[in-house]
Amino acid sequence: MVDWCVSLCGWLVDANHGQFKEGGLIFMAQWTSAVGAAQLARQLTTQQPAPSVPGTRRPPAYRALADGIRLLVLEGRVPVAARLPAERELALSLSVSRTTVAAAYEALRAEGFLESRRGAGSWTAVPAGNPLPARGLEPLPPESLGSMIDLGTAALPAPEPWLTRAVQGALEELPPYAHTHGDYPAGLPALRRMLADRYTGRGIPTMPEQIMVTTGAMGAIDAICHLFAGRGERIAVESPSYANILQLMREAGARLVPVAMAEGLTGWDLGRWRQVLREAAPRLAYVVADFHNPTGALADEDQRRQLVDAARSAGTVLVVDETMSELHLDPGAEMPRPVCAFDPAGSTVLTVGSASKAFWAGMRIGWVRAAPDVIRSLVAARAYADLGTPVLEQLAINWLMRTGGWEDAVALRRAQARENRDALVAAVRERLPDWEFEVPRGGLTLWVRTGGLSGSRLAEVGERVGVRVPSGPRFGVDGAFEGYVRLPFTVGGPVAVEAAARLAAAARLVAKGASTGTEAPRTFVA
């Protein structure tokens, strides 16, 4: 859990950056953010009380404190690798003895939830036996589904007849391009103009030179990471965040710095973001402002403005994922301005869009909006990656946007997602009344707290009873969110009811195993 960077010097402690010098060497602990004593005390005192068990005695104060901190880590409210306050500071904030805090810290160290180094302090961790899930979020092949209800992927079937019409329109426009080499590293000029015009229509003046078309949003973010964040660079990410992007960044060698969402999933906690940007100085920050994946949170306009200002001040490049932005599901709801409205030049904010969520996941078309010099650098680097994006698919998206078919297709998609959301919410509330969630106003995902049961065990047992769901730790950094699962709005009607029934059956099996020892899951109530 600790990566020690070494360089020459004498003994000194730098509390802002986790550095300490010993024997002529400077070491840096792997903690990349800090939790203040007042902040941690506030989070502990606002925790839901653990359910009492008849006939049992209250735990000692140090045990209750250790359990409270452990739960905050597992739920992602305190990030993994976050520096905790000194024992004396936390004792004063909680009005307990320093001995109580010291004993709680020692218990957490013994359980693998805390690591310490003299001169560097203590930082949160997860036990070595609690690894990240090995299985990805890839959808199961249709022929292998059988009776399995697959809730592993937040993707819906294509909104016909618009897919067929778009492909037919693209085929009619293909012949002139067929006489060329077919490589367009920046994207088809017609589609770049179309995307630029759409941003301009949203109130952000944009030139085609500010657009690069990519192979999906993943291709866009991969290119950005390789250009801006070399191996070992820090990238600040929301906690939780989109699992596939987290894995992409890990494989690129990035050091992820998690920043917890605001309480109640109301968007971003700007105090935490400013602290992380100031103290960790990440090269990049990745955020989903519009119907965040997995929580569905929508950042308000003031949060967007403040985050752009904080990133600009810290010299951090802000990568904003807009793939869910058009999936606002509540009719008449007013959307805040895009994040790039607060940096129209695109020097601080790099905006990523995609057709995959709003239209169809099989249409692998994404794009980046940024300053022209950034786009030129991304295009130049692309020669060593995929060279360009398929021409036929670009023509199909351009046809949709030019003819108005895009708006009609997205309206159909919204109606389908809204119907599925409402059916899934009703079914889960009926079958699993102790599970907790906020109903999102858009997007494709429901982030569910599982009543103290292990999300990893629920995912494992769920496949045995015919429902496939991703567990919470897939969306965290280093094993957080064990008490959660993500449920996408990919099924509706009777299938949603059956999916909830199977999840309830899985929950009963996991709970039964907790009491009999046959399933041996861990529960996560403090």
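Rule-based calculations on the coordinates, nothing more; no lab input. The structure displayed is predicted, hence computed values, not measured ones. Backbone-built Cβ (ideal geometry, glycine too); neighbour counts: all protein chains shown.
Separation between the residue 381 and residue 178 pseudo-spin-labels, each 7 Å from Cα along Cα→Cβ, expressed in nm?
Going from the residue 381 label point to the residue 178 one covers 3.6 nm.
If you find the alpha carbon centre of segment 55-90 and of segment 460-498, how far apart are they in angstrom?
27 Å
Describe numerically, in nm with one decimal, the distance between label points set 7 Å from Cα along Cα→Cβ at residue 45 and at residue 118.
Each label point lies 7 Å from its Cα, and together they span 3.5 nm.
Given contacts defined as C-alpha pairs under 8 Å and at least six residues apart, what's the relative contact order of segment 162-403, whole-number percent? Write out the running numbers ahead of the final one.
On the way: 435 pairs, mean separation 68.2, N = 242.
RCO, segment 162-403: 28 percent.
Could you put 377, 456, 93 in order, starting from the residue whose Cβ has the fewest other Cβ atoms within 10 Å? Could you put the intermediate results ahead of the total?
On the way: 377 16, 456 25, 93 19.
By the 10 Å Cβ count, ascending, the order reads 377, 93, 456.
Where does helix 455-465 land angle-wise versus the long Cα axis of the chain, in degrees 0 to 90, nearest 10?
That helix lies at roughly 60 degrees to the long axis.
Taking amide H positions as placed 1.01 Å from N in the peptide plane, with prolines and chain starts having none, which residues 5 or more places from residue 254, or on another chain, fall under 5 Å of its amide H?
The list, which skips near neighbours in sequence, is 232.
Using a 10 Å cut-off on Cβ atoms, rank the peptides 335-348, 313-326 from the highest mean neighbour count down.
Answer by packing, highest mean first, reads 313-326, 335-348.
Please identify the trypsin sites (Lys or Arg not before Pro) of segment 54-110 that satisfy two criteria: DSSP loop assignment and at most 14 other Cβ atoms within 10 Å. Which are they?
Details: sites: 57, 63, 70, 77, 83, 88, 98, 109; in loops: 57, 77.
Counting only loop positions with at most 14 other Cβ atoms within 10 Å, the trypsin sites (Lys or Arg not before Pro) in segment 54-110 are 57.
Helix 216-228 against the longest principal axis of the chain: what's the angle in degrees, Cα atoms only, rounded to the nearest 10?
Tilt of helix 216-228: around 60 degrees.
Could you sort 428-434, 216-222, 178-184 so that the peptide with the highest average Cβ count within 10 Å comes first and the rest follow in order?
Numbers: 428-434: 14.7, 216-222: 22.9, 178-184: 10.7.
Averaged packing, sorted descending, gives the order 216-222, 428-434, 178-184.
Once phi is turned into ³J(HN,Hα) by the Karplus curve 6.51 cos²θ - 1.76 cosθ + 1.60 with θ = phi - 60°, what whole-Hz value does each residue of segment 492-508 show in order, with x for glycine and proline?
Per residue, the Karplus-derived 3J(HN,Hα) values read x, x, x, 5, 4, 4, 5, 4, 5, 5, 5, 5, 5, 5, 5, 4, 5 Hz.
Return an integer: the convex hull volume of the alpha-carbon atoms of segment 259-392, in Å³ per residue.
130 Å³
Just to be sure I understand the model, the point goes 7 Å from the Cα along the line to the Cβ. What's the resulting residue 313 to residue 415 distance in nm?
With each label point 7 Å from Cα toward Cβ, the separation is 4.7 nm.
How would you order 500-508, 111-119 from highest to lowest mean count of nearby Cβ atoms within 10 Å?
Working: 500-508: 21.2, 111-119: 16.6.
Answer by packing, highest mean first, reads 500-508, 111-119.
Whole Å is fine, so just give me how far the alpha carbon centre of segment 162-231 lies from that of segment 372-444.
15 Å
Give the relative contact order (percent, whole number) for the chain; include only Cα pairs under 8 Å separated by 6+ residues. If you can, show how the numbers build up before the last one.
Values: 1019 pairs, mean separation 92.0, N = 526.
This gives 17 percent for the chain.
Amide H to amide H, which residues 5 or more places from residue 350 or on other chains are under 5 Å from it, using H placed in the peptide plane?
318, 319, 320
Please state, rounded to one decimal and in Å, the Kirkwood hydrodynamic radius that segment 162-403 gives when every pair of distinct Cα atoms enters the mean of 1/r. Can you show the working numbers first?
Details: mean 1/r = 0.0548 Å⁻¹.
The answer is 18.2 Å.
Antiparallel as a % of all DSSP beta bridges within the chain, to the nearest 5? Walk me through the intermediate numbers first.
Details: 30 of 51 bridges.
The antiparallel fraction comes to roughly 60 percent.
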